[in-house]
Every structure is written in C-alpha cells, then in structure tokens.
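Accompanying notes for the structure given below.
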Amino acid sequence: MKTITPLVRPGSSLRSRHSSLDIVALLIALTLIAIVCVPLIQVVVGMVWKDGGFSLEAFERTLAIPDLGSLVFNTLVVVVVSSACAVVIGFLLAWANQRTDARLGILNDILPYLPFLLPPVAGAVGWTMLLSPRAGLLNAWIRDALSLVGIHMESGPFDINSWYGLIMVYTIYAVPYVYMNVAAALASFDSSLEEASRLSGASYLRTLRKVTLPTLAPSVGVGFLLCTWFGFGMFSIAAIIGTPRRSTSSPCGS
C-alpha cells in the first residue's frame, strides 16, 4: 500500500519563518512607537486641553517670552551652521577611512563615534573647564607659554562662551550622524562606476561631481537631517556654554 506524501513547495518553511519574523518585528516596532508617541500625545493634549476645556494658554505664554524671535533665530543659526560643518567633517572622515590608506587601524572606526559615549552635558562642562576665558586649563597653559616670550594676557586666547565655541561643541556631537551614514554608503558603493568614469576620460573632480556625490547625496542628506533633528534637542549645550555670554552681553545660543 502506497503512502501519499503531501506536496510541500520548496521554500514554504522559509517563507513561514520570514512571516513569523516579520510579525515579531512589527510588534516590536509598534511597541516602540507607542512608547514614544503616547507621552508625546499626552503632552500635546495637555497643552490645548485644561480644566475640562479647550485652552491656548500654553501657546500664549510661549509667545509672550521676551526676545522669542532672537532666541529662535540664534537656535537656527547654531543648528544649521553646526550641521553644515558636521557634514563637511563627517564626509571627509568617512572618505579618508573608506577610500584612502590614511587609517590608524581600529582607531579610525572608534574615534568618530566617541561623542556618542559622552553625554552632551558632560561634554559641555568639559569644554568649559578647558576653554573658559579665565579659568580654562588649556587657556591657562597657553597664557603661561606666551608669557615666556613676553606676551602677557589676562584671559583667553580662546573663549568657549562664544558663537564659535558653541558651534564647535554642537559640531563635535553632530559629526557621528553624518559619518555613520556616509561611511556605510561608501562601504557598499560600487567603485567600478568611478573606474568606468575615469576610463571614459573624466577627471577626478568630474568623477566626484558626476558619479560619487550624486550617489552619496541621499546619505549626506540623511546625515544633515539627523544633525538638525538632534541639534534642536541638545539644549543642555547651549544652556551651559551660552548662558554665561547671555548674562554679560547679547545671547549667543538657543
């Protein structure tokens, strides 16, 4: 007596396994979305719904903040300029790491991500201790060295509580977002496209402008958006570095 074996299509078990993983991934994603969105929705509802009725009191108090326009403008300047600087630095670091021999081994893979290991509050405090106009350690060492050649200074030469100091610290924390996107794109980039361009007679600059940069543009754009997104949220840097300048003169930060 013959036994009839059921016909199993090849790959059906693999598809079922993938569908199971998709369901688990979807559940995890929905859970993460709920964790992020539920508190945010509660905050938004609390802003417009107060004492059982619709209210715009929170927005009125926000619009009544003194110098609100200058604060918004200063924040935009710091975030946009630091993001633009981070794009240039992150792109060059990724290019040197992926396309040249200028490597320091594992240090090249670790150094661009070091800002992730240090919270912005600690980084801002550290830079303040180094480059504070009068009490900064680095400034004190530079003044001591200059005094040996007859140049005496009471403060400086660097001032972390300034526009360039604020933008510098923001840029340091923004570089990893550009680097990780551009480095990943360069690692998967097909170099034969550049070789074909060079064999066709195009120069290095033309190849960079016509082949490389258009291919990497999405990664650079994502890195810039991440820099601006997290830049608007890094209020602690501006509060620590910009507040001393604001107390003595015009505001220099968000």
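Annotations for the structure displayed:
- Residue match in segment 138-149 (condition: over 20 Å from ALA239 (Cβ atoms) and part of a loop (DSSP other than H, G, I, E, B)): yes
- When residues of segment 196-239 are limited to those that are aliphatic (A, V, I, L, M) and farther than 23 Å from PRO112 by Cα, the one modelled with the highest pLDDT: ALA239
- Candidate set: segment 37-71, residues that are at pLDDT below 80 and among the β-branched types (Val, Ile, Thr); chosen: the one surrounded by the most Cβ atoms within 10 Å (Cβ to Cβ): VAL48
- Within segment 116-158, restricting attention to residues that are touching a residue at least 60 places away in the same chain (Cβ under 8 Å) and among the hydrophobic types (A, V, I, L, M, F, W, C), the residue that is surrounded by the fewest Cβ atoms within 10 Å (Cβ to Cβ) is PHE116.
- Any chance PHE116 is among the hydrophobic types (A, V, I, L, M, F, W, C), assigned to a loop (DSSP other than H, G, I, E, B) and modelled with pLDDT of 80 or more: no
- Residue check: PHE91 meets all listed conditions (1) under 19 Å from GLY242 (Cβ atoms); (2) modelled with pLDDT of 85 or more but one, namely (1).
- Any hit, segment 192-214, residues being surrounded by 14 or more Cβ atoms within 10 Å (Cβ to Cβ) and either within 30 Å of GLY123 (Cα to Cα) or not assigned by TED's automatic domain parsing to the domain that holds LEU117 (or both): no
The values are calculated or read from the model by the stated rules, or taken from the named source; none is laboratory data. Treat the numbers as computed from the prediction; the structure is a model and nothing was measured. Glycine gets a Cβ as well: all are built from the backbone with ideal geometry, and neighbour counts include every protein chain shown.
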